[in-house]
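The values are calculated or read from the model by the stated rules, or taken from the named source; none is laboratory data. Quick caveat: nothing in here was measured; it's all calculated off a predicted structure. Cβ coordinates were reconstructed from backbone atoms using ideal geometry, including for glycine residues, and neighbour counts include every protein chain displayed. Please note that ligands, DNA and RNA were not included when accessible areas were found on the heavy atoms of the full protein model with its side chains. Shrake-Rupley method; radii C 1.70, N 1.55, O 1.52, S 1.80 Å.
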Amino acid sequence: MGKLTARERIQGIVDEGSFHEYDMFVEHQSKDFGMDKKIFHGDGVIIGTGTIYGEPVAIYAQDFTVAGGSLGLMHARKITKIMDHAMKMRMPIIGINDSGGARIQEGVDSLAGYGEIFLRNTQASGVIPQLSIILGPCAGGAVYSPALTDFVFVVDNISKMFITGPEVVKTVLGEVVTMEELGGARVHAAISGNAHFFAMTEQECFEQIKQLLTFIPWNNQRKARSFPAKPPKPEYKINNILPADPTQPYDVRDIVKAVADDSEFMEVQQDFAPNIVVGFGRIDGETVGFVANQPLVLAGVLDCDSSDKAGRFIRFCDAFNIPIVTFEDMPGYLPGVEQEHMGVIRHGAKVLYAYSEATVPKITVILRKAYGGGYIAMNSRHLKADFMFAWPTAEIAVMGPEGAANIIFKKEITESTNPEETRKQKVAEYREKFANPYVAASKGYIDSVIEPEETRMLLKHSIEISGNKTVMVPQKKHGIPPF
Ligand code: HXC
């Protein structure tokens, strides 16, 4: 079927010769539905430990050739054993999912197995990185466990994720759909947002896993590895990216690449909610998480999906000691009936919550527009940003000059002998007075107005002096984020 075997997959990820398999001889104990006559080797899952870059990782791979990789009681016990091991040893866990979900013949035992896995996913959340790869038609619990983990990887044509497969959809709804339409890799990378990384081949996917592991720490008590500092590539010239006309878009990823070491940027959820860009890079050898409005798409507004995407990424960075750099250029939250009905209030609140809650070093650079709720949401001083920088092109205001002038000078404009001319004058007047960084800087909301070419140097300085950042948070069991 063009798929690697479960063992080949593990070998493709861990350091050569480092894999040590556990529980190879475990078998199912089930007797119903003729199961007593069936042997499922290793009960359809391979578990063990190995190393990546010489550091320990726990890994499991479901084997679709054995009962469709379906999860029975012993299969689940193998997975929970390796999860417990990963937690105890504080090492990342990588799950390779290729399974039809709960093994139907084993009934409630398989459901119990999934419950035990979900519980461990939740307990491990924020303690060790949990990475999930979807490498086959995965249904039910085989997609809910990944949904509880930090990053989900999919491969074109091979990965399928759904709660119930096409057979069940046909039975219950009478609808005929293909697996690809229901939950193919592209669907989850671009539409549902369930996947974080998309690859064309399994090999490319394994390279992505290894690249991600260069950026993130092995557990929440450690920092990510430091690398020798490298300057950004000369083709990314930070002064040439922002267009002279403030209404023209540009690709904010070029700004990220113009400050990141070697211009390396590992984008997360690249094709989902592209009006916000999130991902990992390094400044002077240290990992940072970048969060940036993307003016190329919907002018970089925050909407339901982009708020979910940013909120989750910020919380990952915060849990794993990764400083957050925010590049801001956006006109606010997306208005309209559709967004309001989809819950832009509660989704948008996730960004406010995530930034406010985060205690890692938080640095914001306002590049251009910082209007209204967007100004507050995108890691403003008021949400406890540690460093607030603005380029001279920054416009910090309640709304854009056009809208603002039309509202507050409505009377002057309509009563004027030349309304269009008066409108233009009032827009210019508003822009001059408020659509600049100096009003905010005069109140201390912005620390410095900086030239674009100073950005990398100031990011480096900010990260360097934040090494011992200490924040006391009120004692509580946990907050109640708007999720
Ligand atoms: C037992 C299963 C199985 C399952 C597949 N197989 N899923 N056996 N329990 N859940 C077996 C098949 O019987 C077959 O065995 C082999 O695996 C390959 O399956 P095929 O159907 O031939 O493969 P394919 O056409 O590729 O379809 C794959 C599939 C489909 C889309 C995954 O098998 C499917 O829809 N399975 C059921 C999915 C599902 O509804 N699972 C339960 C979800 S509930 P043989 O012997 O013929 O090779 C759940 C609970 C947790 O997971 C929910 C958490 C919230």
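By the compact-protein rule of thumb, 2.2 N^0.38 Å, the alpha-carbon radius of gyration of the range 262-374 corresponds to a ratio of 1.01.
Only lysine pairs 8 or more places apart or on separate chains count here, and in the range 1-148 those with Cα atoms under 30 Å apart total 11. Considering only C-alpha atoms, what is the centroid distance from the range 94-160 to the range 411-477, in Å? Between the Cα centre of the range 94-160 and that of the range 411-477, the gap is 44 Å. Residue-normalised convex hull volume from the C-alpha trace of the range 59-175: 99 Å³ per residue. Accessible surface calculations at 1.4 Å, restricted to protein heavy atoms, place the chain at 45 Å² per residue. Take the Cα of residue 468, step 7 Å toward its Cβ, do the same at residue 191, and the gap between the two points is 5.4 nm.
Need one number for the range 252-293: average projected area of the convex hull over its C-alpha atoms, nm².
Working: hull surface 10.1 nm².
So the mean shadow area of the Cα hull is 2.5 nm².
Could you list the trypsin sites (Lys or Arg not before Pro) in the range 346-445 that lie in coil according to DSSP, counting only those with at most 12 other Cβ atoms within 10 Å of their Cβ?
Working: sites: 346, 350, 362, 368, 369, 381, 384, 410, 411, 423, 424, 426, 431, 433, 443; in loops: 384, 443.
Those satisfying the criteria are 443.
Axis of helix 73-89 versus longest Cα principal axis of the chain: the two differ by about 50°, to the nearest ten degrees.
Summary of the geometry: the range 3-58 and the range 321-338, compared by the centres of their Cα atoms, lie 42 Å apart. Computed over the range 196-350, the range of Cα coordinates on each principal axis works out to 47, 37, 32 Å, biggest value leading. Could you give the Stokes-Einstein D for the chain in µm² per second, using the C-alpha Kirkwood radius, 20 °C, 1.002 mPa s? So the translational diffusion coefficient is about 88 µm²/s. Report summary: the helix-based calculation at 222 nm, which adds -39500 (n - 2.57) for every DSSP H run with n ≥ 4 and divides by the residues of the chain, gives -10500 deg cm²/dmol. Projecting label points 7 angstrom from Cα along Cα→Cβ for residue 230 and residue 443 puts them 4.3 nm apart.
Amide H to amide H, with H built 1.01 Å from N, residue 288 comes under 5 Å of 281, 282, 283, counting only residues 5 or more places away or on other chains. Our coupling estimate for the range 108-119, obtained by passing each phi through the Karplus curve with A = 6.51, B = -1.76, C = 1.60 and θ = phi - 60°, is 5, 4, 6, 5, 4, x, 5, x, 5, 6, 4, 4 Hz, Gly and Pro reported as x.
Treating r as the C-beta distance of residue 214 and residue 337 and R0 as 45 Å, the FRET efficiency rounds to 0.55. Taking only alpha carbon atoms, the range 95-156 gives an Rg to Rh ratio of 0.98, where Rh is the Kirkwood radius. The phi-based Karplus calculation (6.51 cos²θ - 1.76 cosθ + 1.60; θ = phi - 60°) puts the 3J(HN,Hα) values of the range 250-258 at 7, 8, 5, 5, 5, 6, 4, 5, 6 Hz, whole numbers, x for Gly and Pro.
Label zone of residue 407 (point 7 Å out along Cα→Cβ, amide N under 19 Å): in the range 361-395 this covers 369-378, 395. Sorting 87, 378, 472 by solvent-accessible area of protein heavy atoms yields 472, 87, 378, largest first, with a 1.4 Å probe.
Tally up the carbon and sulfur contribution to the accessible surface of the chain as a whole percent, 1.4 Å probe, everything protein left in place.
Working: 12520 of 21970 Å².
Its accessible area is 57 percent carbon and sulfur atoms.
Between residue 296 and residue 90, full extension at 0.36 nm per residue minus the direct alpha carbon distance yields a gain of 70.1 nm.
Taking only the C-alpha atoms of the range 343-476, Rg followed by Dmax gives 18.3, 63 Å.
How many times 2.2 N^0.38 Å is the alpha carbon radius of gyration of the range 1-132?
Details: Rg = 14.4 Å, N = 132, 2.2 N^0.38 = 14.1 Å.
In units of the globular-protein estimate, the range 1-132 measures up at 1.02.
Separation of the range 259-283 and the range 166-240, taken as the distance between their Cα centroids, equals 12 angstrom. The label point for residue 414 and the one for residue 200, both projected 7 Å from the Cα toward the Cβ, are 5.9 nm apart.
Close amide H pairs (under 5 Å, H built 1.01 Å from N) link residue 133 with 95, 96, 97, 153, residues at least 5 positions away or on another chain.
Note on residue 460: aspartates and glutamates with a C-alpha under 17 Å away, same-chain residues under 8 apart excluded, are 261, 262, 264, 284, 286, 386, 447, 451. Computed packing ranks the peptides 91-100, 50-59, 151-160 as 91-100, 151-160, 50-59, most packed first, by mean other Cβ atoms within 10 Å. Karplus-derived 3J(HN,Hα) values for the range 422-427, using 6.51 cos²θ - 1.76 cosθ + 1.60 with θ = phi - 60°, are 4, 4, 4, 4, 5, 4 Hz; glycine and proline are entered as x.
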